[in-house]
Amino acid sequence: MTERTTRSLPAVLGWLALAALVAMSLFHLYTGTFGARPAMVQRSTHLAFALGLAFVLFPLFKRHDWRWLLLLDLPLALLGVLAAGYVGYNHAELAGRAGAPTMLDLFAAGVGVVLVLEATRRSVSPALFFITVAFLAYGLLGQFIPGEAGHTGLTIRQVLNFQFYTSEGVFGVPLAVSATFVFLFVLFGAVLERSGAGQYLIDLAFAVMGRYRGGPAKAAVVASGLMGTVSGSSIANTVTTGTLTVPMMKKAGFKPHVAGAVEVAASTNGQLMPPVMGAAAFIMAEFTQIPYGTIVIAALLPALLSYTVIFTMIHLEALRTGIKAGLKETLPAFWRTVLRGLHLNIPFFALLFFLLVLWYTPTTAATHTIWITFALFLLVCLVAPPTAYGIRTQTEEEQLTTGAGSPRRDGVGFAWRIKHFALRSTQALRDGAMNMVGIACACACCGIIIGVVNQTGLASKLTEIIRTLSNEALLPALVITAFACIVLGIGLPTTATYIIMATLTAPAILEIAALNGYVETTALILATHLFVFYYGILADDTPPVGLCAYAIAGIAQADPIRTGLTSFRFDLAAFLLPFIFWFNTELLLQDVTVVQVMWVLPGALLGMICFAMALQGYAWGRLAWWARGLLIVVAFLLVKPALWATGLGGALLALLFGLGYFFPRAAQPTSVGGR
């Protein structure tokens, strides 16, 4: 599932696009198995596929007549392939004349930069397009900007040469990671989904949580969290799990916009879940030079805390609106579900074993796991009964193209099983590449932004601005950064937001931390980069451009703006989390003892639950305004790493609940009704 809606293609072009998507996946699987090509060849081939497919699959405008595909988009696709391929084909010659590009070099670079911008606008977001154009304008017109933000200005020749023929622009770190680690992990998620894991995870979530109050919503949280471990896209997670969970939430009594919001909040937070983390984990490893396995370990506990808070919000919503538990007879049987899908756990454990025990590189681990998943799926197709996950499910797509009909279901002989394996495998290769087109274009665009920042020294200028605004105080600097992440991230994919903020603001936070006596340890670096990443996720479902809210609104039959605002409220419960793990780096499990973690974890968890109760306005009943305000104060006290703050927060919380228990009229009377 891509970030933008793809066009319907005529039959011949549809099959050609399918062939290109499968070829893109096979290229990356081949290089993952036998070794990547030289850096510029690998990256240029990756970008050539992405640019060509972006112009074929995504129209210029929503109502773009398909005939324009022949007149405009196919020529642009060809130009994109040639411009990106020019770098890979001539990489040795270009390295030999570094800094002295020919006119042909500059022409190819100009075409390439323009097409990267347009492909990103089509496949990702107009917001990222305009932000990148603004950065380019800053680079070219810096001499006209007064004050500290200005610079001497760059020529078009300097910009094009730096952006297209160095490893700090279009072909920089973001695209390098996209062309290696990210693609393979996204492909792994697609293969796992097509082998039946998606339906298995959803059934498992309903089997575990469906019988409790607000069960369908809680099952949606669990399912989205599990899907988030392998999905590189929040919108793919939203639509995949939401198709089943949203109707069941509505049936249980949740209002349509609330049901959609629960799915959006749970799915966007799926990008916090290791090992994929929406592709940001791999880019973070390159930026920080911290091993990928260390990042996965550091991200685990904060992700579980985040889902705990969303879970709490949903439980309070169910209590507030009087939603009851689901009927046991309507839910999947737990042990039957576990046993039917037992084989689907093997790829998860294999991936973790390769990454965290053998410490393989992400590329090697992902490649091995993909082949294991293919082999396992083939075995299932050959010998498993027809009821097994991956062979037949009620929601499966049986055809590669829409409207082609469904195959006969009256036989599961050997020929049918082989055909089924081939069909599902082709779909997985297609889906993996489809999901990567927008990511690759976004990474190329982010490379342009990083290139401008490096050429102009903008990062150091911004550091100075943040130091001035915060008066070199750490907490104000973190608040400014969080606000900047949310504002900048509206309309951007989370990965793009992370790249931009990690380039612009993470150095400023680390510098101000050093001025305040903090030592730059691995834990502090991780806390800083996870800080900007988390607030980028909070922006991902923020109206008016929350793409996931628009995607789920159609399924929920709800207003997308109202859905987005409600999902933002659910996500806002975790607003404190980045501050918690920044000031309590023990939660990142770096060089700590069990005793240290057990000391910090209860206060952090209780503080976030208090914040969730304040946002919901419900605890023992509806809360008065003063009780909600006091809960927010308690939340901040409990997360502060000081004994006096924890003690005071605990005392205030005990007092508040004592008043609520003995004097229930101190809060507003409990009422059942929608917000």
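No value in this document is a laboratory result; all are computed from the given coordinates. None of these values were measured; they are calculated from a predicted model. Note that each Cβ is placed from the backbone with ideal geometry, even for glycine, and that neighbours are counted across all protein chains shown.
Put +1 on the Cβ of each Lys and Arg and -1 on the Cβ of each Asp and Glu in the chain; which of T481, V437, L79 then has its Cα farthest toward the positive end of the dipole? The listed residue farthest towards the positive side: V437.
Working ranking of peptides 288-298, 367-377, 89-99 by packing, defined as the average number of other Cβ atoms within 10 Å per residue, highest first, is 367-377, 288-298, 89-99. Counting only Cα atoms, the chain measures 81, 74, 50 Å along its principal axes, largest extent leading.
Relative to a virtual label point 7 Å from the Cα of F414 in the Cα→beta-carbon direction, which members of the stretch 357-383 show backbone nitrogen distances below 20 Å? Answer for this model: 375-383. Between V133 and I561, the simple spin-label model (points 7 angstrom out along Cα→Cβ) gives 2.5 nm. A simple spin-label model places the labels of W359 and W599 2.8 nm from each other, with each point 7 Å out along Cα-to-Cβ. The count of lysine pairs in the chain whose Cα atoms are under 29 Å apart, excluding pairs fewer than 8 places apart on the same chain, comes to 11.
As a calculated quantity, the FRET efficiency between A39 and A473 at R0 = 41 Å, using C-beta atoms, amounts to about 0.45.
Applying 1/(1 + (r/R0)^6) with R0 = 45 Å to the Cβ-Cβ distance of L643 and Q158 gives a FRET efficiency near 0.20.
In the chain, the calculated helix contribution to ellipticity at 222 nm averages -22500 deg cm²/dmol per residue, counting -39,500 (n - 2.57) for every DSSP H run with n ≥ 4.
Once you have the Cα-Cα distance between I346 and T5, take 0.36 nm times their residue separation minus that, and quote the gain in nm to one decimal. Each step should come with its number before you reach the end.
Working: separation 341, 0.36 × 341 = 122.76 nm, distance 3.35 nm.
Between I346 and T5, full extension yields an extra 119.4 nm.
Ordering T522, P493, T585 by the projection of their Cα atoms onto the charge dipole of the chain, which places +1 on the Cβ of Lys and Arg and -1 on the Cβ of Asp and Glu, puts P493 at the extreme positive end.
Which shape class, rounded, prolate or oblate, goes with the stretch 87-180 when its Cα gyration tensor gives a ≥ b ≥ c as root eigenvalues, a/c under 1.5 marks rounded, and past that a/b bigger than b/c marks prolate? Let's see the in-between values first.
Values: a/c = 1.91, a/b = 1.19, b/c = 1.61.
Oblate.
Starting from the 7 Å offset along Cα-to-Cβ, what nm value, one decimal, do you get for the label separation of L339 and Q289? Each label point lies 7 Å from its Cα, and together they span 5.4 nm. With a ≥ b ≥ c taken as the square roots of the eigenvalues of the C-alpha gyration tensor of the stretch 145-228, please select rounded if a/c is under 1.5 and otherwise prolate if a/b is larger than b/c or oblate if it is not? Verdict is oblate for the stretch 145-228. Look at the dipole of the chain built from charges on Cβ: of Y212, V170, Y30, the Cα furthest out on the positive end belongs to Y212.
How high is the FRET efficiency from L74 to S167, r the C-beta distance, R0 41 Å, rounded to 0.05?
On the way: r = 31 Å, r/R0 = 0.75.
Given R0 = 41 Å and the Cβ-Cβ separation, E is 0.85.
Magnitude of the Cβ-charge dipole of the chain, K/R +1 and D/E -1, about the Cα centre, nearest 20 debye? Write down the numbers at each step before the final one.
Numbers: 39 positive and 29 negative charges, 405 e Å.
Computed about the Cα centre, the dipole is about 1940 debye.
The stretch between L382 and K324 holds 16.6 nm of extra length on full extension. This uses 0.36 nm per residue minus the Cα-Cα distance.
Suppose every K and R has +1 on its Cβ and every D and E has -1 on its Cβ; what is the size of the dipole of the stretch 16-116 about the Cα centre, in Debye to the nearest 20?
180 debye
Across the stretch 471-487, no residue has a backbone nitrogen under 11 Å from the label position 7 Å along the beta-carbon direction of A514.
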